Each structure stands twice: as C-alpha cells, then as structure tokens.
Amino acid sequence: MKAFLLLLILAPAVAGAQTLSQRGFVEGAGTLFPQEASNDSTRAVVDLRARSELFYKPAPWVQFAAGLDLRANSHDQVEQGWRVAYSDRGVREPRLSVRRLSATLTGGGFTLDAGKQFIRWGKTDIVTPTDRFAPRDFMNVIDNEFLAITAIRGAAQAGDDTFEAVWSPHFTPSRIPLLGERWTVVPPAAAAIPLVDAGGRLPSGSQAGVRWSHVGRAIEYSLSYFDGFNHLPAIQSEFVPTPPEIAITRSYPSIRSYGGDLAAPTPWFTLKAEAAYVTGNDSADDYVLYVLQLERQSGEWVFVGGYAGEVVTRSRTSLVFAPDRGLSRAFVGRASYTLDPNRSVAFEGAARQNGRGLYARAEYSQARGQHWRATIAAVAIGGHADDFLGQYSLNSHAALTLRYSF
Amino acid sequence: MNERRCSHTILFVAVVSSFLAGADVEVLRAAEDARAIVAEAQRRTDAKSQRYEGVLQVFDAKGKISDKRWTFERLGSHGQSRVVLRFVAPPEVKGVALLIVNHPDRASDQWMWTPAIERDRRIALQDRSTRFFGTDFSFEDLEERDVNQNDYALLGEESIDGTPGWKIQSTPKQTRSSQYTRSIVWIRTDSYAVARIENYVKDKLVRRLNYSDIQNIQGIWTARQLEMLDLTRGSRTRLTLEKVQYNLPLDDEAFTLQAIRRQ
C-alpha cells in the first residue's frame with residue numbers, strides 16, 4: 001500500500017511518459033446556511049479535498065488505473081483515523097480512501113475491467129432509474145458524488161451492438177447523511193430525543209447485471225437487468241426508553257430491476273427516456289421509475305429538462321432514504337450558458353408536481369489560468385415537511401468552491 | 001408583321017438558348033473542374049492514419065486567451081475514417097474525449113466522453129453548430145468531409161498570401177445536413193493544399209478558417225497552423241499541430257465507444 005501511495009503522490013512528476021497519465025485536484029469549499037436546523041446549529045461548513053488519479057498503459061491491450069482521495073471537514077463528517085479505506089462503506093467519509101483501483105484488458109472486441117471502478121448505466125441525467133451499480137455519497141443530499149464499486153465488468157462489442165455483464169462480489173451502499181446533522185431532517189418536536197446510529201445490515205451476497213445496447217443511425221437504446229441490492233437503504237427506527245433515544249438501523253433490500261433507456265435525436269431536440277421496474281423482497285416496494293428528458297444546445301446555451309415519474313405497484317416499506325424516488329413526480333431542468341472560454345453560469349431547478357417541494361440553484365464559475373477555478377453557488381429549497389425536497393427547506397445555502405487542478 | 005415578330009422572337013429565343021446552352025456547358029465544365037480539383041486535393045491527403053498533438057489558443061474579442069491541448073488520432077481518411085480526440089490540458093478537462101465516426105454519404109456520428117461523470121453522450125445533429133469546448137470550432141467543423149458530399153463551382157483563380165489558388169464554391173448536397181449554406185474554399189495551385197475556407201449561413205459569412213505554415217510531411221502537404229475566426233462573436237481559435245505523423249500503425253479497437261472510456 002505504501003508503494004501505491006508513493007506512486008500516486010509522485011504521479012505528476014512522472015506522468016510525462018506516453019503510457020502514463022495523471023490528473024487530480026485540491027479543493028476547498030465553504031458552505032453557509034442562513035438558517036439553523038432543528039437538530040444542527042452549525043451554519044458554516046468547510047470541506048477540503050485532494051484527489052490524485054493515475055492511469056498506466058504498458059501495452060495497447062492493458063491499462064491500470066488507481067486513484068486516491070484525501071478529505072478533511074469542519075463538521076465531523078470525516079473519520080478521524082488515517083487508515084486507507086478501500087471499501088468506503090463507513091458512516092463517515094474516510095480521511096484517506098481508494099477512489100479507484102482497476103485493470104482493463106482489451107482485445108478482439110472484448111473489454112474486461114476488474115477492480116474498484118465506476119459503472120454507469122442509463123442515458124438520462126435528471127434521474128437514472130437503470131443506474132444500479134452507481135451508489136453515491138449523500139453526505140450533502142443536494143451536492144453528492146458517485147462511489148466506485150468492486151466489480152468485474154465484461155463488454156463485447158459487435159458492430160452497433162454491445163453486450164455488457166457485471167458481477168460485483170462486494171456490496172457498496174450509498175452513504176446517507178449523518179443522523180445528527182441538518183441533511184437528516186428531524187421534526188422540531190422530536191429534536192430533543194437523540195437519534196443513534198444502530199448500524200447498517202449490509203448484505204453479504206454478490207450482485208450481477210447484464211445490459212444490451214444498440215447504437216442505430218437515428219436512435220440508441222439499451223435493455224438491462226439487475227439482480228442485487230438497493231444501494232439506498234430502508235430505515236428502521238426503534239424507540240429506546242432508557243435513556244430515551246431513537247435507534248436507527250439501515251438495511252438494503254434485495255431487488256431485481258428490469259430497465260430500458262433510449263436517446264433519439266430529432267430536428268429540434270434530443271429526446272431521452274429511461275425506465276425501470278424494480279421489484280424487491282418483503283421489505284421493499286415494487287415500483288416503476290421513469291424519466292422523459294429533452295436536451296438542446298443552442299449557441300452558448302445548453303438546456304436539459306424533463307419529468308421524472310413513479311408508479312408504486314406494491315407498497316411495503318414506510319421509511320426509505322431514496323433521493324431517486326424523491327425526485328420523481330417532479331419537473332427537473334438545467335440551463336447553462338458559456339460566457340467565454342473561462343466563465344459560465346448555470347441554473348437548475350426541480351418542482352414537485354403537487355407544488356409541495358421546490359429546489360433552485362444558480363451558479364457562476366470562473367477559471368483563471370490553467371489550474372484555478374472558483375465557483376459560487378446559491379441554493380434555495382422550499383416546501384412542506386412531508387415532501388422529499390420540501391423537508392430540506394431550512395437547508396438553503398450559499399457555497400464557494402476553489403479548486404486547483406493538476 | 002406578326003410573322004416577322006414571331007420569327008424575330010424565335011431567332012431571339014434560339015440565340016439566347018444557344019448562349020444559355022453554351023453557358024450550361026461552361027457551368028458544368030466549371031463544376032467538373034472544381035470537383036476534380038477538390039478530388040485531387042483529397043487524393044493528395046489520403047493516408048491510412050494520422051496522429052498529432054494540437055495546441056489550441058482561444059482569443060476572445062478583448063484578446064483574452066485560453067489554452068487547451070489535445071491529442072488527435074485518425075484511422076482511415078475522407079469519409080471512411082474514425083477519429084479520437086482527447087484533451088490533455090488544462091488539467092480540469094484532461095481525459096475528455098470525442099469519438100467521430102465519419103461516413104461517406106452523410107454527417108458523422110459523434111460521442112463525447114466526460115470522465116467527471118463517467119458518461120458518454122451522443123452529440124445530436126442539431127447541436128453540431130455549437131462551439132466545441134469553448135473554441136471557435138463547431139462540432140461540425142471537426143468532421144472530415146468527403147468530396148462527394150458537396151456540389152462545387154469554380155469561381156476563378158485568386159492568390160492567397162501571395163500564392164496562386166483556385167476559388168471554389170462548395171454547397172452541401174441535400175442528403176448531407178449542415179449548418180452552412182455554402183462555403184468558399186481556396187486551394188493552392190502549386191500543392192493542392194487547402195489555404196482558406198469561408199463558411200456562410202445564407203449570405204452571411206460566419207466563420208473563416210485560415211491554413212498556414214504549410215509543410216510537406218511524409219509526402220502530404222499539411223497546414224501546421226489553422227486559425228478559425230468566428231465573425232459573429234469576433235473571437236478566434238488558433239490550432240497548432242505538433243508531432244504530425246501519417247500512416248502509423250493504429251489499433252482499430254482504439255476507435256470505439258468502449259475505448260474512449262479508457263483514460
């Protein structure tokens with residue numbers, strides 16, 4: 001492991017060789033919340049993050065990838081120890097973690113990826129119902145990022161068709177917000193009773209999935225099947241009288257997902273659609289999640305907008321942490337405008353169709369030189385406490401991020 | 001009187017018809033000449049493959065500059081080729097890749113890989129007129145155009161930078177969708193190298209591409225510097241080609257959607 005760390009740290013110096021490439025960044029972000037949450041009085045949070053990724057290709061048919069993340073946080077969201085976390089399955093973000101560590105073999109139309117890697121399925125952006133191998137870090141629900149999984153992925157390409165198979169022996173859950181912090185919303189009446197993390201019941205079995213994709217002249221489409229576990233947890237709560245507290249347990253129900261996605265350019269816009277029927281065990285709902293999305297670039301503008309819907313065919317659970325379903329029955333859109341090669345603005349928003357939850361974000365970003373970029377964002381969230389978006393109405397915030405890329 | 005008028009009319013029509021017929025022949029000959037010139041220019045740049053490292057400098061109307069670098073690899077040529085273009089600088093776009101599959105009879109297919117979100121996205125036909133990554137090149141400008149995708153007319157001879165050249169109008173055929181209504185192309189008479197392209201939308205000149213520092217590399221006259229001017233915005237992008245190589249062995253499997261996902 002020491003050699004691995006040394007290689008990543010020295011990567012920028014040695015990445016000049018043709019077979020070796022490197023990228024990374026150091027980033028500082030400050031977030032200000034104007035309002036106190038009922039369970040969290042902290043109104044300023046500072047994050048520091050460094051990332052280094054190295055790609056080594058000793059021969060045309062093989063490539064190795066390795067990446068490391070280093071984190072610090074002012075609000076106790078990062079583990080205190082200095083162990084190098086490979087699995088990244090803890091409640092808090094690890095101080096030092098392996099972001100990716102994989103080998104890729106290619107030949108004769110086949111590609112085999114093995115190790116810790118990112119696997120993305122689906123075509124839509126606002127919600128991706130078929131993206132089952134892509135857990136996320138939801139420490140900040142609005143501003144989240146993907147987590148890599150340990151898997152073997154094989155892909156065979158024949159003409160316009162690609163057949164893909166994935167097997168993941170080791171489950172990686174999405175990370176949910178810390179119980180004592182503002183992204184875990186507690187009703188004011190219950191704020192006096194502490195929430196205690198009673199742990200997560202992580203499944204020990206493996207996951208698998210297959211996907212067939214076709215790239216046609218006028219349309220692209222895929223069909224996929226997934227058999228594994230929901231990376232978003234079902235929540236069980238239990239009141240403990242002495243001392244009075246609520247014990248929270250996370251479980252990850254086994255599910256099967258049958259999905260499809262397509263992208264069809266028309267003369268006016270690109271239509272994207274994606275849907276998945278998810279059926280679970282006795283502790284999980286059966287539901288269809290679907291998305292219709294339109295995309296268009298015009299001049300310096302890029303528009304993406306659409307509708308995410310859900311049909312629950314069988315309801316079994318009462319409490320889940322499911323941002324994908326939370327963003328369903330909603331209209332979601334994003335527009336970005338490039339002011340010049342170094343500056344851009346973006347606006348995005350989501351509105352639940354019943355009007356009980358609203359989210360809006362405005363962002364200005366400016367690069368300076370070859371390495372620096374500053375981004376300032378303002379996020380407004382409103383609505384009712386019983387709505388997925390509306391429950392975060394006290395979490396409107398402003399954020400400033402400064403990144404040095406290398 | 002009526003007979004005389006009629007005979008005069010017939011005579012007039014006959015004279016005009018014969019003049020027009022002669023003009024048609026001239027137009028056809030000019031079109032054939034123009035097409036032959038473009039075909040010869042294309043033949044002289046035929047290569048099994050090409051590789052270069054590109055340095056992009058973007059100047060806006062106020063003279064601000066932004067630098068980018070990419071590697072360009074092409075397998076095949078002229079409507080039968082595939083291209084992978086991958087950014088290597090600045091660091092924040094490192095790894096972003098564009099796969100272009102050129103077709104002889106229609107517009108290319110294009111996909112962009114964005115490593116930050118680990119996703120590829122097809123660039124729709126109607127989006128090809130937009131600027132490519134903040135440069136003054138549009139996605140369509142990155143296509144490789146086959147001679148058969150356009151109709152041509154020879155407009156005459158005109159010097160470019162002191163070198164004699166043919167001035168040719170190129171109009172996209174109906175089967176090939178394009179943001180441009182027509183283009184005017186200057187081809188040097190000494191080397192058949194393209195020296196300038198002016199692109200029009202209806203009658204308005206919107207982009208001008210100047211080719212300079214033309215050198216013979218492995219028998220192919222190659223412009224080492226291309227400068228695209230966006231006349232609507234007043235900005236320009238200079239692309240400098242470094243380490244240009246032709247006919248080098250490139251792996252067919254490096255030009256697929258699976259391949260551009262590798263960093």
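FYI, it's all coordinate maths here, none of it is from the lab. Keep in mind that this is a model prediction, so the values were computed, not measured. Cβ atoms come from the backbone with ideal geometry, glycine included; neighbour counts cover every protein chain shown.
Rounded to the nearest 20 debye, what is the charge dipole size of the stretch B:43-260 about its Cα centre when +1 sits on each Lys and Arg Cβ and -1 on each Asp and Glu Cβ?
Numbers: 34 positive and 31 negative charges, 81 e Å.
Rounded to the nearest 20 debye, it is 380 debye.
What is the extension gain from A:N281 to A:R92, computed as 0.36 nm multiplied by their sequence separation minus the C-alpha to C-alpha distance, in nm to one decimal? Could you put the intermediate results ahead of the total?
Numbers: separation 189, 0.36 × 189 = 68.04 nm, distance 2.80 nm.
Between A:N281 and A:R92, full extension yields an extra 65.2 nm.
So if R0 is 25 Å, what FRET efficiency would A:Q370 and B:T163 give, r being the distance between their Cβ atoms, rounded to the nearest 0.05?
Details: r = 36 Å, r/R0 = 1.45.
Efficiency at R0 = 25 Å is approximately 0.10.
Could you work out Rg/(2.2 N^0.38 Å) for the stretch A:110-230, with Rg from alpha carbons only?
Numbers: Rg = 18.2 Å, N = 121, 2.2 N^0.38 = 13.6 Å.
This ratio for the stretch A:110-230 stands at 1.33.
Can you give the FRET efficiency for A:V312 and A:Q35, using 1/(1 + (r/R0)^6), R0 = 41 Å, r = Cβ-Cβ distance, to the nearest 0.05?
Working: r = 32 Å, r/R0 = 0.79.
The computed FRET efficiency comes out at 0.80.
Return, ordered by residue number, the residues of the stretch A:112-150 whose backbone nitrogen is under 19 Å from a label point located 7 Å along Cα→Cβ of A:A158.
Zone members listed by number: A:112.
How far is it, in nm, from the label point at A:L319 to the one at A:V240 when both lie 7 Å from their Cα along the line to the Cβ?
Taking the two extended label points, one gets 1.4 nm.
Counting other beta carbons within 10 Å of each residue's own, what order do A:S206, A:S318 fall into, fewest first? List each step's numbers first, then the result.
Numbers: A:S206 14, A:S318 9.
By the 10 Å Cβ count, ascending: A:S318, A:S206.
Rounded to whole Å, give me the distance from the Cα center of the stretch A:259-282 to that of the stretch B:123-156.
Cα centroid of the stretch A:259-282 versus Cα centroid of the stretch B:123-156: 31 Å apart.
Trypsin sites (Lys or Arg not before Pro), restricted to the stretch A:167-248: which are DSSP loop and have at most 16 other Cβ atoms within 10 Å?
Hits after loop and neighbour filter: A:R217.
May I ask which residue of A:I255, A:A151, A:T162 lies farthest towards the positive end of the charge dipole of the protein assembly as shown, with charges of +1 (Lys, Arg) and -1 (Asp, Glu) on Cβ and the Cα centre as origin?
A:A151
Of B:T256, A:T242, B:T240, how do they rank once you tally other Cβ atoms within 10 Å and put the fewest first? Walk me through the numbers before you get to the answer.
Values: B:T256 20, A:T242 5, B:T240 16.
Placing the least packed residue first, the sequence is A:T242, B:T240, B:T256.
Kindly list the residues of the stretch B:172-215 that lie in the label zone of B:A36, defined by a backbone N under 18 Å from the point 7 Å along the Cα-to-C-beta vector.
Under 18 Å, as judged by backbone N against the label point of B:A36, lie B:187-193 of the stretch B:172-215.
Over chain B, what is the mean sequence separation of C-alpha contacts under 8 Å (at least six apart), divided by residue count, expressed as relative contact order in percent?
Values: 556 pairs, mean separation 50.4, N = 263.
Relative contact order here is 19 percent.
For B:W186, A:W301, what ranking results if the residue with the fewest other Cβ atoms within 10 Å of its Cβ goes first?
Working: B:W186 24, A:W301 12.
Lowest to highest Cβ neighbour count: A:W301, B:W186.
Could you work out [θ]222 nm for chain B from helices alone, using -39500 (n - 2.57) per DSSP H run of at least four and dividing by all its residues? Round to the nearest 500 deg cm²/dmol.
The helix contribution divided over chain B gives -6500 deg cm²/dmol.
Might you report the magnitude of the Cβ-based charge dipole of the protein assembly as shown about its Cα centre, with Lys and Arg at +1 and Asp and Glu at -1, to the nearest 20 debye? Intermediate results must be reported in sequence, preceding the final value.
Details: 80 positive and 76 negative charges, 132 e Å.
For the protein assembly as shown, the charge dipole is close to 640 debye.
Considering only B:L125, B:Y152, B:G162, whose Cα is most displaced toward the positive end of the charge dipole of the stretch B:118-173, charges sitting on Cβ of Lys, Arg (+1) and Asp, Glu (-1)?
Going by the Cα projections, it comes out as B:L125.
Consider a paramagnetic label point 7 Å from the Cα of A:L112 along Cα→Cβ; state which residues of the stretch B:241-263 have an amide N under 20 Å from it.
B:253-254, B:258-263
Mind giving me the nanometre distance, one decimal, between the label points for A:S206 and B:T114, set 7 Å out from Cα along Cα→Cβ?
3.4 nm
At what distance in nm do the modelled label points of A:Y404 and A:R43 sit from each other, each positioned 7 Å from its Cα along Cα→Cβ?
Going from the A:Y404 label point to the A:R43 one covers 3.1 nm.
So what are the stretch B:43-260's ellipsoid semi-axes, whole angstrom, largest first, if each one is the square root of 5 times an eigenvalue of the alpha-carbon gyration tensor?
Working from the Cα gyration tensor, I get semi-axes of 26, 20, 19 Å.
Which three semi-axes in whole Å describe the equivalent ellipsoid of the protein assembly as shown, each the square root of 5 times a Cα gyration tensor eigenvalue, listed largest first?
54, 28, 24
To the nearest 0.05, what FRET efficiency results for A:H214 and A:F303 with a Förster distance of 25 Å applied to their C-beta separation?
FRET efficiency, A:H214 to A:F303: 0.40.
Using only alpha carbon pairs under 8 Å that are at least six residues apart, calculate the relative contact order of chain A and give it in whole percent. Before the final figure, lay out the partial values.
Numbers: 1085 pairs, mean separation 49.4, N = 406.
With pairs under 8 Å counted, the relative contact order is 12 percent.
For the stretch A:178-202 and the stretch A:353-406, write down the distance between their C-alpha centroids in whole Å.
When both Cα centres are located, 23 Å separates them.
Place +1 on the Cβ of every Lys and Arg and -1 on the Cβ of every Asp and Glu in the protein assembly as shown, take the dipole about the Cα centre, and give the residue among A:V302, B:A195, A:A322 whose Cα lies farthest towards its positive end.
After comparing all options, I get B:A195.
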